[in-house]
Amino acid sequence: MKLSIVLSTHAAQFEAVAFKGDFAENVARIAGYGYQGVELAIRDPKLVNPTELQAVVRAHNLQVPAIGTGQAWGEERLSFTSDNPDVRRTAIERIKSHIPLAAEFGAVVILGLIRGISPQGQSHQQSMEYLVAALQECSAAAAPHGVKYALEPLNRYETDLIHTVQDGLDLIDRVGADNFGLLLDTFHMNIEEPSIEQSIRACGDRIFHFHVADSNRWHPGAGHLDFKSMLDALAATGYRGWVSGEFMPVPDANTGAQRAIEYLQSLG
Ligand code: LER
Ligand code: MN
């Protein structure tokens, strides 16, 4: 199991991003705990220097398996499903602008809240049409660069669009691109899936990335999810990707990160 943890390159509001301070110091600490990767939360690739990022990450022998984009919604309200065409266009261009960075790192690009929330007065069907068109355009732009997008089913309290793995699989059918798949997150699945293990099996080779947090969104081992069973189901699909910690800094970011890796490694 290759373990990584979410790290924001800039201060972020999102409460499950545990590490928010100085980038180089955090990377060093994460490597010291034994993680092999850092998943980078990047609101806008224009705000980072890829060469510097690479240098810091490489100096600690870490990989970057995924790039999170949700802060573009969190901080700027960019959305694929806005009723404002300019906002939709800016969101699409922003997500396409991650392609060079993702290609350089060999990272998958995560699509979480950039899908947005249906604005009042806009039908679910209209939002889905905007979403499918945006995903088709981004996937087509990324394919020649070998870059993949992973859309994350999110629980009902965060958006009205794509809650379950089955919603995600239906969306994959509509988008019809080989480089478009899903990111499964144990926190969201615990809220939405009838059976987490069955949903993991159903998603099979369309699992492009995997987030772990416990039932309370604290580090794995701090709640009541059965990580052994979920990770066994994940391995049985043939998944050889990353298991990435995305949880709240409880009791603090450092202790949570240490406890998570100790706990996950103890599962064997
Ligand atoms: C992001 O990976 C996530 O899980 C969401 O809860 C963000 O809103
Ligand atoms: Mn997540």
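The values are calculated or read from the model by the stated rules, or taken from the named source; none is laboratory data. Bear in mind that the values here come from a model prediction, so they are computed numbers and not experimental data. Cβ: placed from backbone, ideal geometry, glycine included. Neighbour counts: every protein chain shown. Keep in mind that these areas ignore ligands, DNA and RNA; they rest on the heavy atoms of the full protein, side chains included. Shrake-Rupley method; radii C 1.70, N 1.55, O 1.52, S 1.80 Å.
Values for this structure:
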{"quantity": "Whole-number percent relative contact order across the stretch 2-266, with pairs defined as alpha carbons under 8 Å at least 6 apart", "calculated": "18"}
{"quantity": "Heavy-atom surface of the chain, accessible at 1.4 Å and reported per residue (Å²)", "calculated": "41"}
{"quantity": "Sequence-distant residues sharing a close amide H with S244 (under 5 Å, placed H)", "calculated": "S4, F210, H211, V212"}
{"quantity": "Full-stretch length increase - T255, E93 - with 0.36 nm per residue and alpha-carbon distance subtracted", "calculated": "54.6 nm"}
{"quantity": "Accessible-area ranking of L151, L231, largest first, probe 1.4 Å", "calculated": "L231, L151"}
{"quantity": "Efficiency of FRET between A133 and L267 - r from beta-carbon atoms, R0 41 angstrom, step 0.05", "calculated": "0.50"}
{"quantity": "Convex hull volume of the stretch 2-266 per residue (C-alpha atoms, cubic angstrom)", "calculated": "114"}
{"quantity": "Dipole of the chain, positive end: most advanced residue of S139, P119, V175 [Cβ charges, Cα centre]", "calculated": "S139"}
{"quantity": "Euclidean distance of C-alpha centroids, the stretch 199-240 and the stretch 1-72, integer Å", "calculated": "21"}
{"quantity": "Candidates E246, E197, E75, ranked by Gaussian network fluctuation over the chain, Cα under 10 Å, top entry", "calculated": "E75"}
{"quantity": "The chain - percent of accessible surface contributed by carbon and sulfur, probe 1.4 Å", "calculated": "48"}
{"quantity": "Under Karplus coefficients 6.51, -1.76 and 1.60, residue-wise ³J(HN,Hα) of the stretch 262-268 in Hz, glycine/proline x", "calculated": "4, 5, 5, 5, 6, 6, x"}
{"quantity": "Partners for K2 among lysines (Cα-Cα distance below 19 Å; same-chain residues under 8 apart left out)", "calculated": "K148, K228"}
{"quantity": "Per-residue SASA entry for R43, accessible area with 1.4 Å probe, Å² rounded to 10", "calculated": "70"}
